[in-house]
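Since the structure comes first, as structure tokens, the remarks are kept for the end.
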Amino acid sequence: MSWPAEELEHVGACPVCRSTERSLRHADISDVVYRKAPGTWRLYRCHQCEACYIDPRPTPTSIGKAYSDFYTHNAAPPPSASLLRRFNRAIRNGYINHRVKGALRPSTWLGAWLVPFFPSKKREMDFSLRCLPEIDSNKTVLDVGSGNGDFLEFAATLGWNVRGVEPDATAAALARSRGLRIDVGRFEEVDLPAASFDAITLCHVIEHFHDPVKVLAKAARLLKPGGLLWMATPNTDSAGHLRFGKSWIGLDSPRHLVLFNSRALLEALKRSGFEGNHRFLSGRSSRGDFLLSWKAANGLRPFEPHAIRFPMRLRIEAYLADLRNYRLPRTEGEIIFLGKKQA
């Protein structure tokens with residue numbers, strides 16, 4: 001069974017730089033993550049900007065079929081009431097409160113002191129904050145591809161004004177049921193006021209768009225001068241991609257239409273007209289990237305629990321990959337970008 005031919009579009013040129021010079025990176029990729037998209041897909045690598053993209057690909061009107069069982073259709077489970085879990089939350093909240101002058105509870109001052117001694121945990125917590133600065137109740141963050149609203153609810157708890165855009169009606173309804181302000185529709189088409197947001201976040205979202213340059217151009221228009229643009233996206237130069245090839249979790253075809261390395265992402269930002277200071281931040285540990293890819297390579301559903309233990313040799317490989325990442329950040333499993341729009 002294949003994706004209906006009438007619901008496919010041929011790309012021909014790189015969606016980032018429009019070059020037609022390319023080479024085949026992977027052939028016959030299947031949906032090994034959610035198993036909702038029939039058929040196989042071909043991933044090409046642009047010779048000019050190094051972006052990777054699938055061609056042909058589902059049309060904007062048909063791509064929703066690949067999201068029928070997406071993780072954003074479920075709410076996060078309630079926090080455990082066990083004493084150990086509560087203590088761990090207190091450590092986490094203590095660290096976050098220290099970072100952004102928040103008031104999360106339960107909390108302990110030990111978090112601000114202990115967390116920096118555990119780099120992988122610190123990166124996870126920093127990731128959850130998405131580089132939001134100290135709380136200011138007069139500032140608004142827009143989350144593009146806000147899903148079920150987990151991040152926006154967290155940001156609102158910290159004291160931010162929050163707003164989201166989500167094309168998936170099921171996920172958006174779940175977010176709205178939590179009292180969040182969500183615009184339902186494709187980000188490119190939703191009417192939002194220019195220069196009205198202090199921060200815009202796209203967490204593993206930019207790779208889902210048919211035209212990422214157009215999306216970034218709109219984000220640049222919506223940001224206030226001095227506003228923050230934060231993005232996370234899979235890194236095609238990652239150790240995980242090199243190790244697992246077509247089974248790498250970051251491919252996730254056909255939902256991931258365009259994939260980036262740091263060079264390709266900078267090219268997309270340049271073509272979008274985004275101007276300002278920027279930097280790449282350290283990503284999370286490679287362990288999750290390796291574990292999910294290993295599950296996919298072994299015919300397991302990556303996001304479902306399994307009794308099979310993650311092999312020790314791959315744990316070691318992931319650990320060594322993290323050590324390499326300190327020396328060569330371009331090989332991390334994900335790219336984390338932080339930009340500040342020119343004032």
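Label-point separation (nm) for N161 and M312, each offset 7 Å from Cα along Cα-to-Cβ?
The modelled label-to-label distance comes out at 5.6 nm.
Under 5 Å between amide hydrogens, which residues at least 5 positions from N161 or on another chain qualify, with H placed 1.01 Å from N in the peptide plane?
For N161, whose amide H was placed from the backbone, the distant partners under 5 Å are K139, V141.
When the chain is treated as a GNM, springs tying every alpha-carbon pair under 10 Å, which of R255, R279, R186 comes out with the largest mean-square fluctuation?
Largest GNM mean-square fluctuation: R279.
Relative contact order of the chain, please, whole-number percent, based on alpha carbon pairs below 8 angstrom and at least 6 residues apart.
Across the chain, relative contact order equals 17 percent.
Hey, can you grab everything whose amide H is under 5 Å from the amide H of H47? Only 5+ residues off in sequence or another chain; H modelled, so Pro and N-termini drop out.
Here the answer is E21, R22, S23, since their amide H atoms fall under 5 Å of that of H47.
Leaving out ligands, DNA and RNA but keeping every protein chain, what accessible area does H241 have, in Å² rounded to the nearest 10, with a 1.4 Å probe?
The value for H241 is about 10 Å².
Send over the Kirkwood Rh of segment 253-330, from the inverse of the averaged 1/r over different Cα pairs, rounded to one decimal Å.
Averaging 1/r across every pair of different Cα atoms and inverting gives 15.2 Å.
Looking at the chain, which Cys residues are left with no other cysteine's beta carbon under 4.7 Å from theirs?
Unpaired cysteines in the chain: C52, C131, C203.
Using only Cα atoms, figure out Rg for segment 124-261 and give it as a multiple of 2.2 N^0.38 Å.
Normalised by 2.2 N^0.38 Å, the Cα Rg of segment 124-261 equals 1.07.
What trypsin sites (Lys or Arg not before Pro) in segment 288-343 are in a loop by DSSP, with at most 10 other Cβ atoms within 10 Å of the Cβ?
R309
What full-extension length gain, to one decimal in nm, is calculated for H98 and T40 as 0.36 nm per residue of separation minus the Cα-Cα distance?
16.1 nm
For segment 310-324, just list the computed ³J(HN,Hα) in residue order, Karplus coefficients 6.51, -1.76 and 1.60, θ = phi - 60°, integers in Hz, with x standing in for Gly and Pro.
5, x, 4, 4, 6, 4, 5, 4, 5, 5, 5, 5, 5, 5, 5
Could you check which residue among E317, E304, E21 shows the biggest mean-square fluctuation in a GNM of the chain with a 10 Å Cα cutoff?
With Cα springs under 10 Å in the chain, the top fluctuation among E317, E304, E21 is at E304.
When averaged across all projection directions, what area in nm² does the alpha-carbon convex hull of the chain cover?
Seen from a random direction, the Cα hull of the chain projects 17.4 nm² on average.
Pick out, from I54, P133, S146, the residue whose Cα sits farthest towards the positive end of the charge dipole of segment 52-157, with +1 on the Cβ of Lys and Arg and -1 on the Cβ of Asp and Glu.
Farthest along the dipole direction, towards plus: P133.
Ignoring everything but the protein chains, give the 1.4 Å probe accessible area of S2 in square angstrom, nearest 10.
Counting only protein heavy atoms, S2 exposes about 80 Å² to solvent.
Can you pull the accessible area of T170 for me, 1.4 Å probe, Å² to the nearest 10?
80 Å²
Given charges of +1 on the Cβ of Lys and Arg and -1 on the Cβ of Asp and Glu, with all other atoms neutral, how large is the dipole of segment 3-45 about its Cα centre, in debye to the nearest 20?
So the dipole magnitude of segment 3-45 works out to roughly 240 debye.
Each residue of segment 97-109 in order: what ³J(HN,Hα) in whole Hz does its phi give by Karplus 6.51 cos²θ - 1.76 cosθ + 1.60, θ = phi - 60°, with x for Gly and Pro?
Rounded to whole hertz, the list is 4, 5, 5, 10, 6, x, 9, 5, 9, x, 8, 9, 5.
Quick one: Karplus J couplings for segment 124-135, per residue in order, coefficients 6.51, -1.76, 1.60, θ = phi - 60°, nearest Hz, x for Gly and Pro?
4, 5, 4, 4, 5, 7, 6, 6, 4, x, 4, 5
If the viscosity is 0.890 mPa s and the temperature 25 °C, what Stokes-Einstein diffusion coefficient in µm²/s follows for segment 186-262 when Rh is the Kirkwood radius over Cα pairs?
Once the numbers are plugged in, D ends up at 179 µm²/s.
If amide H atoms are built 1.01 Å from N in the plane of the peptide, which residues on other chains or at least 5 residues away come under 5 Å of the amide H of V11?
The answer is R57.
The values are calculated or read from the model by the stated rules, or taken from the named source; none is laboratory data. Nothing here was measured: the structure is a model prediction, and the numbers come from that model. Neighbour counts run over all protein chains shown; Cβ positions are idealised from the backbone, glycine included. Please note that ligands, DNA and RNA were not included when accessible areas were found on the heavy atoms of the full protein model with its side chains. Shrake-Rupley method; radii C 1.70, N 1.55, O 1.52, S 1.80 Å.
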